[in-house]
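Written below as structure tokens is the structure these notes are about.
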Amino acid sequence: MHLRIGCQLEVHCDQPTPLLALVHPHGSLVPDLLAPERLQWGPERAYEVLSDLSGNRWCRLLAPAGTTRLHYAATLHCSDAVDPVLPSMGACPVEALPIDTYRFLNPSPYCDTPALMELAWSTFAGVAPGWPLVQAICDWVHGRIRFDYEAVRPHKRASDALADGAGVCRDYAHLAISLCRCLNIPARHCTGYLGYTGIPMGEAPVDFSAWFEVFLADRWVVFDARHNIPRCGRVLIARGRDAADVPFLRSFGPHQLTGFEVITELIT
């Protein structure tokens, strides 16, 4: 299937401020683009798109004092298959993990594993390792957090989301990631475009979405504690330890986000 994706952001800065915007599809998806990407800044500014070691594509510029607007749009081919479900997939023993996965077992700014270690082991110790264990974590997280935009807090950790019992997609992901790491399953945060592709349109506006990947057997696989059903139409933007690594906008100075719109549409 073909998807139209994009976003519009409006940022106000009191003085010239360096910005990083993370809105382009991940480098691994560049071959799936059906036409040149369109990126406009208003007022027009010089910018550059740079890829980091994880394949995340950052747009860097110096925003002037006042209001700066970003408009990004692209179309790409995306498989119409839903996320794979592999109940027989086993775990990878800790002693056999690829060396670059170990950092995804560590605490990170929003994934405070020490606060959740006892809970993780007491709740999931009896569950079969591998896919069944990660799915049990997703089921548990999905049942304990209510989706609520009013529950957003800028520095909300996984344990805070659990205590609140409410949050947005990144809070579901942070809690599930933290519980996986407590149980020696490497887990990393993903951000991307998803919207309502393949499911009925809801009342909430389309937003950037968050899910996560875990390393099982011999590869990374996708899980989504917020929706907790196989989905189609995921367009990965970036991967990191948690949302602190991959914000859609990072400013190196005071700013106000005064406008925000995300677009994810199926082209029929």
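Bear in mind that the values in this text are calculations on the coordinates, not laboratory data. Note that the coordinates shown come from a computational prediction; the quantities given were computed from them, not determined experimentally. Note that each Cβ is placed from the backbone with ideal geometry, even for glycine, and that neighbours are counted across all protein chains shown.
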Worksheet, complete the sentence: Both in Å, the radius of gyration and Dmax of the C-alpha trace of the range 94-240 are 14.5, 46
Discussion item. What value in Å³ per residue do you get for the convex hull of the alpha-carbon atoms in the range 1-141?
Written reply: 179 Å³
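Most exposed first by the Cβ proxy, i.e. fewest other Cβ within 10 Å, how do Arg250, Arg146 rank? Intermediate values should be presented prior to the final figure.
Details: Arg250 15, Arg146 10.
Fewest to most other Cβ atoms nearby, the residues stand as Arg146, Arg250.
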Fill in: Bridge type composition, the chain - antiparallel percent by DSSP, nearest 5
95 percent
Worksheet entry | FRET efficiency, 1/(1 + (r/R0)^6) with R0 22 Å, evaluated for Leu119 and Val94 via beta carbons | 0.65
Worksheet item: Taking the alpha-carbon centroid of each part, what is the distance from the range 41-112 to the range 216-268 in angstrom?
Response: 7 Å
Worksheet item: Of Val82, Val11, how do they rank once you tally other Cβ atoms within 10 Å and put the fewest first?
Response: Val82, Val11
Worksheet entry | Ordering of 218-228, 31-41 by packing [mean C-beta count within 10 Å, highest first] | 218-228, 31-41
Practice prompt. Taking the chain as the reference, fit the longest principal axis to its C-alpha atoms, fit the long axis of helix 113-124 to the helix C-alpha atoms, and give the angle between the two in degrees, 0 to 90, nearest 10.
Written response: 50 degrees
Response to the item:
Relative contact order of the chain (C-alpha contacts under 8 Å, at least 6 apart) in percent is 30 percent
Fill in: Degrees between helix 131-144 axis and first principal axis of the chain (Cα, 0 to 90, nearest 10)
70 degrees
Worksheet item: Which whole-Hz ³J(HN,Hα) couplings does the range 181-187 yield from phi under the Karplus relation 6.51 cos²θ - 1.76 cosθ + 1.60, θ = phi - 60°, glycine and proline marked x?
Response: 4, 4, 9, 6, 10, x, 9
Practice prompt. Give the peptides 186-195, 147-156, 121-130 in descending order of average Cβ contacts within 10 Å, highest first.
Written response: 186-195, 121-130, 147-156
Response to the item:
Highest GNM mean-square fluctuation among Leu19, Leu133, Leu257, for the chain with Cα springs under 10 Å, belongs to Leu257
Fill in: Over the chain: helical MRE at 222 nm, DSSP H runs n ≥ 4 each giving -39500 (n - 2.57), nearest 500
-5500 deg cm²/dmol
Worksheet item: About its Cα centre, how strong a charge dipole does the range 72-140 have in debye, to the nearest 20, once Lys and Arg get +1 and Asp and Glu get -1 at the Cβ?
Response: 60 debye
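Extension gain Arg146-His71, at 0.36 nm per residue separation less the Cα-Cα distance, in nm? List each step's numbers first, then the result.
Numbers: separation 75, 0.36 × 75 = 27.00 nm, distance 3.14 nm.
Between Arg146 and His71, full extension yields 23.9 nm more.
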Worksheet, complete the sentence: In whole Hz, the Karplus estimates of ³J(HN,Hα) for the range 260-265 (6.51, -1.76, 1.60; θ = phi - 60°; x where Gly or Pro) are 7, 8, 10, 10, 9, 10
Worksheet item: Any idea what the dipole of the chain comes to, in debye rounded to 20, about its Cα centre with Lys/Arg Cβ at +1 and Asp/Glu Cβ at -1?
Response: 220 debye
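If neighbour count is taken as other Cβ atoms inside 10 Å, put Ser178, Ser108 in order from fewest to most. Provide the component values of the computation, followed by the final result.
Values: Ser178 31, Ser108 23.
With the sparsest Cβ surroundings first, the list reads Ser108, Ser178.
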Response to the item:
With bins of 5 Å, the percent of all Cα-Cα pairs of the chain per bin from 0 is 1, 6, 12, 16, 18, 17, 14, 9, 5, 2, 1, 0
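Let me check against my output: what whole-number percent is the relative contact order of the range 1-81, with C-alpha pairs under 8 Å and at least 6 apart? Display every interim value, and only then the final one.
On the way: 164 pairs, mean separation 42.1, N = 81.
Contact order relative to length: 52 percent.
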Worksheet item: Between Tyr110, Ala238, Ser209, whose Cα lies farthest towards the positive end of the dipole of the range 94-240 when Lys and Arg beta carbons carry +1 and Asp and Glu beta carbons carry -1, centred on the Cα centre?
Response: Ala238
Discussion item. Can you work out the Karplus-derived ³J(HN,Hα) for every residue in the range 227-234? Use 6.51 cos²θ - 1.76 cosθ + 1.60 with θ = phi - 60°, whole Hz, and x for glycine or proline.
Written reply: 7, 6, 9, x, 10, 10, x, 6
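Taking the Cα centre of the range 94-240 as origin and charging only Cβ (+1 Lys, Arg; -1 Asp, Glu), how large is the dipole, in debye to the nearest 20? If you can, show how the numbers build up before the last one.
Numbers: 14 positive and 15 negative charges, 43 e Å.
Using only the charged Cβ atoms, the result is roughly 200 debye.
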Practice prompt. Could you give me the radius of gyration and the Dmax of the range 48-88, taking only the C-alpha atoms into account and expressing both in angstrom?
Written response: 17.6, 55
